[in-house]
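Take a look at the structure set out below.
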Amino acid sequence: MFDVIVFFLKEGFLIFRKNWKQSFAVAFVIALIAQILLGFELSVEELKRKLDIALSEDEAVIWFEDESALKGLDVRKVFAPDEVRKMLGDLIGDIGDVALPRVALVKWREGLDRVEGIRAVYRDTAKRVFFSKLRQLFLKYALVFRILFIAVVMIIAFIQIRISVFAHATEIEIMRLVGATEWFIKWPFVFYAFFVAVTSILISVLMWMGVATAFDFSFVIPVKVLARVCVVILFSTFVSALLSV
Amino acid sequence: MSFPIIQFYNVSKVYTNGIVALSNISLSILSGEFVFVIGPAGAGKTTLVKLIYAEEKPTSGEVLVDGRDVSKLKKWEIAFLRRNIGVVFQDFKLIRDRTVFENVAFALRVCGFSENFVKKATEDALGRVDLLHKRGMYPDQLSGGEQQRVAIARAIVNKPSILLTDEPTGNLDPYVSEEILQLFEDLNKEGTTVVMVTHNAGIVNSRDYRVIALQDGIKTRDDGKGGYRYV
Ligand SMILES: Nc1ncnc2c1ncn2[C@@H]1O[C@H](COP(=O)(O)OP(=O)(O)O)[C@@H](O)[C@H]1O
Ligand SMILES: [Mg+2]
């Protein structure tokens, strides 16, 4: 079993090496597409975060004066001053140096607006419905976009693997001749696809690091989003390898 | 004990373009036999060989190998059947960017054998064809006869009970052809059934083996004792 996996790895690597310029080019193109996907995923996260605030039916956003106002309330989240400034800034532009109220997300209950120390309660039903619809719509489009990205990566990988299958016609003919099963013929190309995927992830990481450096490292991409993009690349190339041999 | 290892029952092969490559062929080859298949170009010799290793399926009739109807085999069963059949071609079919050793070992690795076994069996096979000393060379660095010996090593590395050879000496000079033929005879003496398709009258006449002659897809002759003569 171990020998067999080593064999597949070696063969996959040979396929990569035999046509390394093209393999790199394809990995590079996939990495570029990954950047678009990454940018998209980042804005998805950002928007989700914004829209999440006015979401749940039994929650309300309150503006309060000091911590004592929160006593006895079911607090879901207290926003840090920076967060509030950023949120407001995102919504209405730069707000300068004005003193900001404290903001928290709490569980709704009757009479919340009469609690001492709470200046305002935002629980606008119409707004909430609007936001949650917007969110649903947005996530639906996000899904379509993701599928589109996966499809594009898959098509590129598929074409490249088909090309290498043709370039290895002799090897495949010999494999069939000496009694290799179809699965055995497939796996070297699956590993080849894996190498292409890993290469494009490495190129992507270099690009991300470039971006991070350009922004003086103040711009940090969440690991979750990175992982998602990597999984998309690995998954799409894997599936197209299975389909293309 | 000999038994029929290859059997054709009223086999016809019509290609999709309508060409009748074989018509109504019946024959039986015993295990351990050495058989020449002769006939002019286009007679259907290659088709006959392809039917045996299940590269083509008969349009009608039955082809049995080792008692099993090859047209009823599933894909993976065909793969396993082929591990018991070595095939050698006129054009060697070697992988140019792999060494002699790698070319032969490839046949075992793709069948999932362990690396220990691959190494030992490959060295054995290369020893058989007397090419161990050139194991690190590439096909382009070898003579035609040597390349064919590599192909033979690859065909026998799995110790098949049938060896099919389709004009294996077609590209080789008479002296080298004789060497290759002797190699087949050695394998045959150890029990391998050898089917040799050839154009080479000299080779056929130099031996006394069974001769099956084809012409336009029809079996025109099947003599227990040899000689290359067209009817
Ligand atoms: N794959 C194929 N498709 C269509 N016709 C074929 C194919 N292979 C062989 N033929 C035809 O079948 C006939 C027999 O071919 P073949 O078995 O290769 O003969 P031989 O090996 O004796 O020269 C020829 O007329 C050839 O053109
Ligand atoms: Mg032929």
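Worth a mention:
- Computed log₁₀ I(q)/I(0) - Debye formula, equal Cα scatterers, no solvent, the stretch B:129-231, q 0.12, 0.15 Å⁻¹: -0.44, -0.67
- Shape summary of the stretch B:27-155, radius of gyration then Dmax from alpha carbon positions: 16.4, 47 Å.
- Mean separation of Cα contacts under 8 Å, 6 or more apart, over the residue count of the stretch B:91-159: relative contact order %: 49 percent
- A straight Cα-to-Cα reach below 18 Å connects residue B:159 with the lysines B:119, B:120, B:189, residues fewer than 8 places away in its own chain not being considered.
- Cα-based values for the stretch A:106-198, radius of gyration first and Dmax second, are 28.1, 85 Å.
- Modelled label positions at residue A:242 and residue B:223, each set 7 Å beyond Cα in the direction of Cβ, lie 5.9 nm from each other.
- For the stretch B:91-159, the Cα gyration tensor yields ellipsoid semi-axes of 18, 12, 10 Å (square root of five times each eigenvalue, largest first, whole Å).
- Mean sequence separation of contacting Cα pairs (under 8 Å, at least six apart), scaled by the length of chain A, corresponds to a relative contact order of 33 percent.
- Whole-angstrom Cα spans of chain B along principal axes, big to small: 46, 41, 40
- With the simple model of a label 7 Å out from the Cα in the direction of the Cβ, residue B:68 to residue A:227 spans 4.7 nm.
- Treating each Cα of chain A as one equal point scatterer and applying the Debye formula with no solvent, the log10 of I(q)/I(0) at q = 0.09, 0.11, 0.14 Å⁻¹ comes out as -0.59, -0.74, -0.95.
- Carbon and sulfur %, accessible surface of chain B computed with the full protein complex present, 1.4 Å: 52 percent
- Of the solvent-accessible surface of chain A, computed with a 1.4 Å probe and all protein chains present, 69% belongs to carbon and sulfur.
- In terms of accessible area, using a 1.4 Å probe and ignoring ligands and nucleic acids, A:36, B:6, A:5, A:156 rank largest first as A:36, A:5, A:156, B:6.
- Cα long-axis angle, helix A:125-167 against chain A (0 to 90 degrees, to the nearest 10): 10 degrees
- Positive-end extreme of charge dipole, the protein assembly as shown - chosen from B:196, A:9, A:190 (charges on Cβ): A:190
- Estimated 222 nm signal from helices in chain A, with DSSP H stretches of n ≥ 4 weighted -39500 (n - 2.57), rounded to 500: -24500 deg cm²/dmol
- Solvent exposure of the protein assembly as shown amounts to 50 Å² per residue of accessible area, where only protein heavy atoms count and the probe is 1.4 Å.
- Counting heavy atoms of the protein chains alone, residue A:82 has an accessible area of about 120 Å² for a 1.4 Å probe.
- Projected area, mean over directions - the protein assembly as shown, Cα convex hull, nm²: 33.6 nm²
- Taking every DSSP bridge with both residues inside the protein assembly as shown, close to 65 percent are antiparallel.
- Interface area, B with A, accessible, probe 1.4 Å, both sides summed, Å² nearest 100: 1800 Å²
The values are calculated or read from the model by the stated rules, or taken from the named source; none is laboratory data. The structure presented is a predicted model; accordingly, all values stated were derived computationally and were not measured. All Cβ positions, even for glycine, are placed from backbone atoms using ideal geometry, and neighbour counts span all protein chains on display. Keep in mind that these areas ignore ligands, DNA and RNA; they rest on the heavy atoms of the full protein, side chains included. Shrake-Rupley method; radii C 1.70, N 1.55, O 1.52, S 1.80 Å.
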